[in-house]
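> Attaching a single structure in structure tokens format; questions to follow.
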């Protein structure tokens, strides 16, 4: 005899799943079109000399962040705090690595939002270039004397990438997340980004382009229900 609790578990999806399912030739068929990448920002990221250690599974390195700048959808300077970490697995013979970094950005707030109240700690409302040791001259323009002073806030960019090494250069791809509590940038916390990275040996400069990833929809043309406005039926 079938256990009653199992019977509930078996029939429950049939009760709550009232919407028709779009038929596919096979459940293994691809569902989505290739996503669209749109350029979001460019970073010139400066690092200092690495400190490397060896362990049983490879080499690990740490590279202090020492400055840089951003242009594009976010403009600002990279604060000289924190560091990148890198792991070279021993089996890859130092030809590839896994890279992580958290950049602290002193970002310019868009002018249209400067008059709005900001519900973040005071130290994050009126930061100026160099307040936390950002390198001077990192392409943060001074406003004209006749214009109101720019407003700044802190944004964190977190990257995790797989890098390949050859010909005294590195190159890689990886996801990026944006973290901010400022009203002008709140929506960036839940958007999807991907980066492409390149740097030359002994230059201390990494060139990074960050792209926003957006869906191109399903192959069969049906809507993505999770992206519809609340309460709207497909």
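Just so it is clear, none of the values below were taken in a lab; they were calculated from the coordinates. These numbers come from a predicted model, not from an experiment. When we count neighbours, we look across all protein chains shown, and the Cβ atoms used for this are built from the backbone with ideal geometry, even at glycine.
> Test of understanding: ordering 227, 41 by Cβ neighbours within 10 Å, fewest first, what list do you get?
The most exposed by this proxy come first: 227, 41.
> Rank these for me by crowding, 201, 156, 63, 165, going from fewest to most other beta carbons within 10 Å.
Placing the least packed residue first, the sequence is 201, 156, 165, 63.
> May I ask you to list the residues of the stretch 180-221 whose amide nitrogen lies under 17 Å from a point 7 Å from Cα along the Cα→beta-carbon direction of residue 162?
The answer is 194-198.
> Can you figure out the FRET efficiency of residue 179 with residue 38, using R₀ = 25 Å and their beta-carbon distance, to the nearest 0.05?
Calculated value: 0.80.
> Quick one: check the C-alpha center-to-center distance for the stretch 162-231 versus the stretch 86-108, whole angstrom.
Their Cα centres are 16 Å away from one another.
> Additional query: How high is the relative contact order of the stretch 145-233, given as a whole-number percent (alpha carbon pairs under 8 Å, six or more residues apart)?
20 percent
> A further question on this structure: Kindly put 103, 87 in sequence by how many other C-beta atoms sit within 10 Å of each C-beta, fewest to most.
The order, fewest Cβ neighbours first, is 87, 103.
> In the stretch 52-107, if every C-alpha pair distance is counted and binned at 10 Å from zero, what percent goes to each bin?
24, 37, 25, 14, 1
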